[in-house]
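Everything on this sheet refers to the single structure shown next.
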Amino acid sequence: MQFDIRNDKASEDQNQTLVNEQECQSCQKQDLIKVLPLKQIQKSRKQLKRKTTIFDDEENGFKNPFEDSRVTRMIFEKGRTVELARFCLIVATVILNILEYEYSFSTYLTKNLDYELTILLFVIFSMSIIIILLTILTYQIDLEYRKCSRTISQKATLIETDLIWYLLVEIIIILPTSNPFTRNQYIVFIQRGSGEVRFYTINEIFTYIMFFRLYLLLNIGFKFQTYYSNRNGRLCRLYQTRFSTHLMLKLCIRQFPFHTLSWLFIVGLIQYTYQLEIAERSLLRTFEYINTENISKSLWVTMITIATVGYGDFYPYTDLGRISLGLGLFYGVSITSLFTAILYNMLQPDVGESKSWALLEKTQITKNMKQASSNIFFYFYKLKKQRIVAKRLNLQENLSGILSNLENYLSDVGIMRRMYRDIDGEEFMEMVKRKFDDSNHSFKDLKIDLQEMMEQHQLIRNCLEKNQDSKLFKVKPFEYQNLHQGQFSSPQSYQYKLNTEDQLSKDDDFFENLEESNRDSCLMSFHD
């Protein structure tokens, strides 16, 4: 036998409506009063009263200032997918550019595989166009993400935001690429010192500029770190912090200092080494002959330049080579300064190490004070003995040496006592106190959050139990009799029946029976 709790509830609502109508007719004695059914009254109240939600209710005309995390998460993941495709295409174009340059340089006199190299240049050119389109799509997705996260106006365009400048910079870096249309075009220059005629091809200049795409790879790589997520973006917006790859760089340096620094050094070494090689390799050829090349010199010069050593045994002869090493010098100064700051931060002792160091210093000073005190007693005994001997023999002995030693040891003891007190001075104790206060505040905040979570959990549990008890007592008499006759094996099985039959309306009943004060206590609160 199955019970229909909803029909029972409807019959009770109709009975209550009839009672309300009779009372109103007896009290008012007016036929003009129109009494609405109880369900309709509740429905009208629900329409007038707006439910508390963090989502926009566009159908009812409400607009909420909070973002929809489901939409922003979807847009965020879509942007990461496009960035991953862009990363792979940039890596592919860099590798293909290197292969094309190396083979073209070694066979420019014989023109081997000329048709195949032309097809390769078309592929590189097509991939660069796709990268530009993906870059524009990436910034469009970023614009949409900012709109959905309510950080900019809903009517803002890409030109009206600061994203347009980042987009232009990336397009300027991607746009110069090797292509079949400029393959046989040359730039002639005179070698400094010798006066010989040298040349670059236009595609070699484009390959030189192409290596700046490694910075784009770094920028995209930081977007796949642990801290780069939609949730952390909301936290940054909550504290009015810019959520960007610059923040990811800071967090990676703080979390993984040497790994991040190593990757930055490797990327700079690869870029400036190959740029210097492209710039200087043109001195090994003319229109009639070509010499063999060796990349080891370019690697050595770039490494000592980034490390800010600069031995001067090798140096660039061309203008492009000097531009490359000039940029590498600024890059190396930044890397070296970053390494010094990381090393200094690692060598700074924490609170426990400082406390241990203070205790060791106190132990050493105590040991030195004991040694000085024993020396003082020794010289006092020596002074007394010398005076007794001199008095007995009626001698005039000079005791200035013993007295000076006593004065020195006494002053040493005074200095060590002051050092003992200064180890736990105001500066050190203030630092320790500040560290422990920060830890105590963190524990207090965590304790308050746990208490609020437990109160909300208990509130929800009480309301659910109250709602379930009210449903249990609304069973019809014959159904309650069947319940006692063993129709259900246990109250838990009957409760499971209630939950399965009323699964769709349990949340609605919970929010209907929840009081306004309790409803507000379940909401998220933001503190200054």
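The values are calculated or read from the model by the stated rules, or taken from the named source; none is laboratory data. All values derive from a computational prediction rather than experimental measurement. When we count neighbours, we look across all protein chains shown, and the Cβ atoms used for this are built from the backbone with ideal geometry, even at glycine. Just the protein is used for accessible areas: all its heavy atoms, side chains included, with ligands, DNA and RNA removed. Shrake-Rupley method; radii C 1.70, N 1.55, O 1.52, S 1.80 Å.
Ranking PHE212, TYR228, TYR239 by Cα position along the charge dipole of the range 209-287, where only Lys, Arg, Asp and Glu carry charges on their C-beta atoms, puts TYR239 farthest toward the positive end. Taking Lys and Arg as +1 and Asp and Glu as -1, the other residues whose beta-carbon sits under 15 Å from that of LEU218 total +2.
The magnitude of the dipole of the range 222-305, with charges of +1 and -1 set on the Cβ of Lys/Arg and Asp/Glu and taken from the Cα centre, is near 840 debye.
Using every pair of distinct Cα positions in the range 247-334, the Kirkwood expression returns a hydrodynamic radius of 14.1 angstrom. When its C-alpha radius of gyration is set against 2.2 N^0.38 Å (N residues), the range 282-413 gives a value of 2.48.
Counting only heavy atoms of the protein chains and using a 1.4 Å probe, GLU465 has close to 80 Å² of accessible surface. With 31 Å as the limit on Cα-Cα distance, the pairs of LYS355/LYS444; LYS111/LYS223; LYS355/LYS447; LYS147/LYS250; LYS362/LYS385; LYS155/LYS447 that go past it are LYS111/LYS223; LYS362/LYS385; LYS155/LYS447.
Between GLN185 and ASP449, the modelled label-to-label distance comes to 5.9 nm, taking each label 7 Å out from Cα in the direction of the beta carbon. With R₀ fixed at 35 Å, the C-beta to C-beta distance from SER194 to TYR344 puts the FRET efficiency at about 0.15.
Percent of alpha carbon pairs in the range 101-242 separated by more than 18 Å? Percentage above 18 Å: 69. Summing +1 for each Lys or Arg and -1 for each Asp or Glu among the other residues whose beta-carbon sits under 15 angstrom from that of ARG242 gives +3.
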